């Protein structure tokens, strides 16, 4: 078997609305659905037949930050065409 695509990626966030604003408003990802319990937002990249390709799950403002030496993802990259929302190439995003 050879992996040909990656989908259904979920990021845990402290503030769902702030994160949704960034991914939808700044990066132009389309919201496909939402859940209220647990609070989640699902996005489609419209390049696959998946229900969603990417999701955010809210943990709340008290969620601890991962330790710098913890296992887990080290970096993420998004590939796309035109930037939306007035973002210019090379823009630095705050955490």
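Laboratory data are not the source of any read-out in this text; all were calculated from the coordinates shown. It should be emphasised that the depicted structure is a prediction, and the values quoted were computed from it without experimental measurement. We place every Cβ from the backbone using ideal geometry, glycine too, and count neighbours over all the protein chains shown.
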Worksheet item: How many residues does the range 13-53 hold that are in contact (Cβ under 8 Å) with a residue 12 or more places away in the chain, under 23 Å from residue 66 (Cβ atoms) and exposed (fewer than 14 other Cβ atoms within 10 Å of the Cβ)?
Response: 1
Worksheet entry | Enumeration of residues in the range 1-47 that are more than 13 Å from the chain's Cα centre (by Cα), within 17 Å of residue 60 (Cα to Cα) and assigned to a loop (DSSP other than H, G, I, E, B) | 37, 38
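Residue by residue through the range 54-64, note down the ones that are surrounded by 12 or more Cβ atoms within 10 Å (Cβ to Cβ) and assigned to a loop (DSSP other than H, G, I, E, B).
Selection gives 59, 63.
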